[in-house]
Every structure is written in structure tokens, then in C-alpha cells.
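Student: Would you mind keeping the following structure in view while I ask a few things?
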Amino acid sequence: MVASPPVQQLASVSDVRPVGAYLEIGLRLPVVLDYVPGQFAALAVGGPGSSMLLRRCFSIYRIDGDLLRIVFAAQGGGTRWLAARRPGDPVDVMAPLGTPFAVPAAGRPTQVTLVGGGYGSAPLFGLASTLRSLGSSVHFVLGAATAGRLFGVVEARRLGDSVTVTTDDGSAGSKGWVSDVLPTVLATTGSSVVYACGPMAMLRAVAELAAASGATAQVAVEEAMACGIGVCMTCVLPVVGADGVTRMTRSCVDGPVFDGAALRWPEAVIGAVPRDAVGALGAVGLLGVVGSLGDVAALGALTRGAP
């Protein structure tokens with residue numbers, strides 16, 4: 001499947017509906033788009049007279065014809081504005097953006113495990129459909145703090161060969177984290193590829209557990225992206241290239257999907273610039289003197305917009 005090039009267009013709200021602790025918005029697009037699971041959309045919020053100048057970026061849940069669907073939590077000014085939209089309201093949309101998940105070639109079916117945290121699981125369902133169409137067996141591991149903050153369990157049971165659920169408080173499934181059950185799931189299914197989307201700490205655990213089991217991991221990071229097109233440098237992460245060199249890499253254009261083994265997780269989780277990253281002046285941390293790409297990246301971590 002080949003994605004459409006990104007298009008900026010004025011969409012019309014179809015509906016906004018609650019989904020557990022989250023909201024799902026439908027946006028009717030004048031220009032029909034194709035996307036590849038893992039890509040995202042950047043939405044302008046606040047209206048033309050708003051002081052909220054930065055777009056808000058969201059994983060694409062699905063695109064059905066001219067209808068783009070996104071799942072989000074109303075946590076800050078931008079997402080609360082989005083939650084207040086009504087059918088027919090205009091929303092400026094730029095999509096599809098970013099690098100998607102890579103899938104096995106047709107005719108090479110495999111066992112795969114999809115791991116989602118909270119509404120971070122939203123992009124995994126389109127991926128599951130694609131993987132099933134290629135003949136792969138799909139196993140879900142879905143986790144959240146509480147039962148109400150899980151997303152897509154019913155859909156996962158429809159699409160997956162198995163579904164394992166965890167909650168921090170034990171209100172649904174097993175009590176604990178996805179990292180508590182993942183080793184058993186990988187061992188029993190024989191999964192060779194793990195796809196994950198959710199909080200950074202969860203992604204680190206998933207990547208490390210996948211590596212320990214001999215599987216590869218593709219992780220869709222949930223970094224705040226202020227522009228979505230690689231200009232502002234607020235979403236950079238330390239990534240080790242094929243040459244073994246660490247570079248501060250933009251999540252929006254080089255991601256949001258990365259090889260889990262390539263991320264420098266200790267620094268990525270806290271938003272730090274490694275001492276040995278290209279352009280860094282030698283100090284690990286969030287603060288620095290502007291004058292190099294590494295320092296701009298560090299300052300970008302401090303200027304990431306609120307939802």
C-alpha cells in the first residue's frame with residue numbers, strides 16, 4: 001500500500017463521540033487520502049483568531065473513503081477545543097505525515113505481536129488488518145491504567161488471533177503492565193516482529209523485551225510535534241544510524257516509527273542529548289548553549305507544546 005502525499009485541506013467535522021475515557025472525531029476530507037498505518041495527521045486548533053499557533057499531531061486511527069478518524073484525550077487547550085467541535089465545523093488538516101510501520105512482504109507470513117498503551121493503540125488496528133491481509137498471525141497486548149482507559153479491546157478480539165489485556169489496577173485483564181505479560185506472549189506465539197505505540201517508557205520496555213526474545217521491534221513514538229514537517233526541531237530523539245553514529249533525529253519526518261533497537265532509550269525517555277551525538281557540545285541534559293544541532297534539539301525538548 002502506498003500513501004498519498006501530504007495535503008493541507010479544510011475538513012468538516014462529521015462527529016465527535018466518546019470512546020471510554022477518550023474521544024473519537026471524524027473529519028470529512030475534500031481530497032480523499034490513502035495512508036499507511038503508523039502515519040499521522042496535524043490539525044490546526046483554536047480557530048483563526050487563536051493564540052494557539054502550533055498544530056496538534058495525532059496518529060491516524062483509520063481513513064474510510066473521505067472520512068479521517070482520530071482518537072484523542074481532551075487534556076489541554078488544543079484538544080479541549082477539538083472536543084468542543086460540532087458536526088459541520090471546519091478543521092484545518094494536514095495529512096498523511098510521517099514514516100509508517102514496515103510490514104512483511106506478501107507471501108512471507110509471520111507471527112507478529114502488536115502492543116498498545118491507552119489510546120496509543122489506535123494506529124495498530126489498521127496495521128492489524130494489513131498484516132492479516134498478508135497472511136500474518138496477529139497477537140495483541142493492550143494495556144492502560146484502568147479499564148476505562150483501554151482502547152480497542154473489542155476490535156482487537158475481532159482482528160487478532162489472541163488478545164492479552166493488562167491494567168495497572170487490575171480492573172480488566174491481568175494486573176500490571178504490558179511488559180509483565182509480553183515475554184510470555186512472545187514465547188508462546190513465537191512472534192518475530194513486535195509493533196508498539198504508547199508512552200515512551202512502555203516503548204523502551206517493549207523494545208528491550210523484544211530484543212531479549214530475538215524479535216525485532218518497530219515503535220511509533222508519542223513525541224509532541226509542533227510543526228509536523230521537520231522544521232521546528234521540537235520532536236528530536238537520539239537515534240543510532242547504520243554507521244553506529246548517534247544523531248538527533250526528527251520524529252515527524254524520520255518517524256514516528258523507528259527501529260526499537262536504534263533508539264538511545266535512556267536519553268530518549270527523558271528528552272536528553274547524548275554526549276556523543278553529532279552536534280552536541282558534550283553535556284548530557286536538557287539545557288545547553290545554542291550553537292549546534294544538538295543544542296537546538298535539547299532546547300526543543302523544553303519548548304514542546306502542550307496538548
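Student: Dipole of the stretch 7-97, Cα-centred, from +1 at each Lys and Arg C-beta and -1 at each Asp and Glu C-beta, to the nearest 20 debye?
Tutor: On the way: 9 positive and 7 negative charges, 52 e Å.
About 260 debye.
Student: Calculate the dipole size of the stretch 111-220 relative to its Cα centre from +1 charges on Lys and Arg beta carbons and -1 charges on Asp and Glu beta carbons; express the result in debye to the nearest 20.
Tutor: On the way: 6 positive and 6 negative charges, 37 e Å.
Charge dipole of the stretch 111-220: 180 debye, to the nearest 20.
Student: Output wanted: per-residue J couplings in Hz (rounded whole) for the stretch 211-228, from phi through Karplus 6.51 cos²θ - 1.76 cosθ + 1.60, θ = phi - 60°, x for Gly and Pro.
Tutor: My calculation for the stretch 211-228 gives 4, 5, 8, x, 9, 8, 10, 10, 10, 9, 6, 10, 6, 5, 10, 7, 10, x Hz in order.
Student: Search the structure for amide H atoms under 5 Å from the amide H of Ala122, placed 1.01 Å from N in the peptide plane, and list their residues when 5 or more places away or on another chain.
Tutor: Answer set, sorted by chain and number: none.
Student: Follow-up question, since we're still on this one. So, how do all the Cα-to-Cα distances of the chain break down into 10 Å bins, in percent, from 0 on up?
Tutor: Histogramming the chain at 10 Å steps yields 6, 27, 35, 25, 7, 0 percent.
Student: Compute all pairwise cysteine Cβ distances in the chain, then list the cysteines with no distance under 4.7 Å to another cysteine.
Tutor: Cys57, Cys197, Cys235, Cys252
Student: Counting helices only, and only those DSSP H runs with n ≥ 4, report the 222 nm mean residue ellipticity of the chain as the sum of -39,500 (n - 2.57) divided by its residues, in deg cm²/dmol to the nearest 500. Numbers along the way, then the final one.
Tutor: Working: 8 runs with 70 residues, N = 307.
Dividing the helical sum by the residues of the chain leaves -6500 deg cm²/dmol.
Student: Kirkwood hydrodynamic radius (Cα pairs, Å) of the stretch 111-220?
Tutor: Values: mean 1/r = 0.0754 Å⁻¹.
The Cα-based Kirkwood calculation yields 13.3 Å.
Student: Mind giving me the nanometre distance, one decimal, between the label points for Ala211 and Leu10, set 7 Å out from Cα along Cα→Cβ?
Tutor: Modelled inter-label distance: 4.9 nm.
Student: Take each of the peptides 56-62, 153-159, 223-229, average the number of other beta-carbon atoms within 10 Å over its residues, and list them starting from the highest.
Tutor: Details: 56-62: 24.0, 153-159: 16.3, 223-229: 21.0.
Taking the mean over residues of other Cβ atoms within 10 Å, the ranking is 56-62, 223-229, 153-159.
Student: Separate question: Normalise the Debye intensity by I(0) for the stretch 7-97, one equal point scatterer per Cα, no solvent, then take log10 at q = 0.20, 0.22, 0.25 Å⁻¹ and round to two decimals.
Tutor: -0.91, -1.12, -1.47
Student: Give me the number: length gained by fully extending Asp259 to Ala147, i.e. 0.36 nm times residue separation minus the C-alpha to C-alpha distance, one decimal in nm. It would help to have the intermediate numbers written out before the result.
Tutor: Details: separation 112, 0.36 × 112 = 40.32 nm, distance 2.96 nm.
Difference between extended and current length: 37.4 nm.
Student: What is the dipole size for the chain, taken about its Cα centre, with +1 at each Lys and Arg Cβ and -1 at each Asp and Glu Cβ, in debye to the nearest 20?
Tutor: Working: 21 positive and 21 negative charges, 83 e Å.
It comes to approximately 400 debye.
Student: Now, a different point. When the chain is fully extended, how far beyond the present Cα-Cα distance does Ala73 get from Thr110, taking 0.36 nm per residue of separation?
Tutor: Working: separation 37, 0.36 × 37 = 13.32 nm, distance 3.34 nm.
Using 0.36 nm per residue and subtracting the Cα-Cα distance, I get 10.0 nm.
Student: Can you give the net charge of the other residues whose Cβ lies under 12 Å from the Cβ of Gly143, counting K and R as +1 and D and E as -1?
Tutor: So the environment of Gly143 carries a net charge of -1.
Student: Lys and Arg at +1, Asp and Glu at -1: add these up for the other residues within a Cβ distance under 12 Å of Lys175 and post the number. Don't skip to the end; give the middle numbers.
Tutor: Values: positive: none; negative: Asp168, Asp169, Asp180.
With Lys, Arg at +1 and Asp, Glu at -1, the net is -3.
Student: Cβ under 15 Å from Ser121's Cβ, Ser121 left aside: what net charge do those residues give with Lys, Arg +1 and Asp, Glu -1?
Tutor: Numbers: positive: Arg62, Arg69, Arg149, Arg157, Arg158; negative: Glu24, Glu155, Glu222.
Net charge in that neighbourhood comes out at +2.
Student: Moving on. If neighbour count is taken as other Cβ atoms inside 10 Å, put Val16, Val93 in order from fewest to most. Can you show the working numbers first?
Tutor: Working: Val16 19, Val93 23.
Placing the least packed residue first, the sequence is Val16, Val93.
Student: Next question, about the same structure. Over what distance in Å are the Cα centres of the stretch 56-114 and the stretch 125-180 separated?
Tutor: 18
Throughout, read-outs are computed from the coordinates displayed, never taken from laboratory work. Please read these numbers as outputs of a predicted model, since none were measured by experiment. As a convention, Cβ positions derive from the backbone with ideal geometry for all residues, glycine included, and neighbour counts pool all protein chains shown.
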